[in-house]
Structures are given as C-alpha cells and as structure tokens.
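Since every read-out is calculated from the coordinates, none of them should be taken as a lab result. All figures in this text were calculated on a predicted structure; none of them were measured in a lab. A quick note on method: Cβ atoms are made from the backbone with ideal geometry, for glycine too, and the neighbour counts reach across all protein chains shown.
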Amino acid sequence: MKTVIVNIPDKKENMFLDFFKKHHLKIHVLKPEEDEEMIAKWIDEGMESGEVSENEIFETLRKNGVKV
C-alpha cells in the first residue's frame, strides 16, 4: 500500500472525494491543525514497517537530485 498526501483547493474538494470513492480508495480528510500530527504518525508507521531499507531510500533520493 502507498500513501499519497494531496492538498486540494476547496472548490475542487467534492470532485476529488467523488473520484477517490469511485475507485474505492481509502481517504482521510485532515483539518489544518491535524496536518502535522497525522503526517508525523504516518511517517512513524511507515518507518516501523521495515519494507524499504535505508540504503534504498537514500539511493532514491540521490537519483531524484537530493544531496544526502
């Protein structure tokens, strides 16, 4: 499973929610004050999963132009 975080303009919110529901995607709509807390929680959960090695992460970052 992959997690994608999307900032959606208020005017387009219903369109995106309908799209996600139509494709049976799990969605979470956050209030601005929840953003940092939830993102930190998801990062922590992802770090515990052990599915990707640290070397793979750094290699991917380097390939995408991030200096590590």
At 25 °C and a viscosity of 0.890 mPa s, what translational diffusion coefficient does Stokes-Einstein give for the chain, taking Rh as the Kirkwood radius over Cα pairs? Give it in µm²/s as a whole number. 168
What value, in deg cm²/dmol to 500, does the helix sum -39500 (n - 2.57) over DSSP H runs of n ≥ 4 give at 222 nm once divided by the residues of the chain? -16000 deg cm²/dmol
Taking 7 Å along the Cα-to-C-beta vector as the label spot, tell me the F16-E48 distance in nanometres, rounded to one decimal. 2.7
For H23 and K67, what is the calculated FRET efficiency with R₀ set at 35 Å and r taken between the beta-carbons, to the nearest 0.05? 0.45
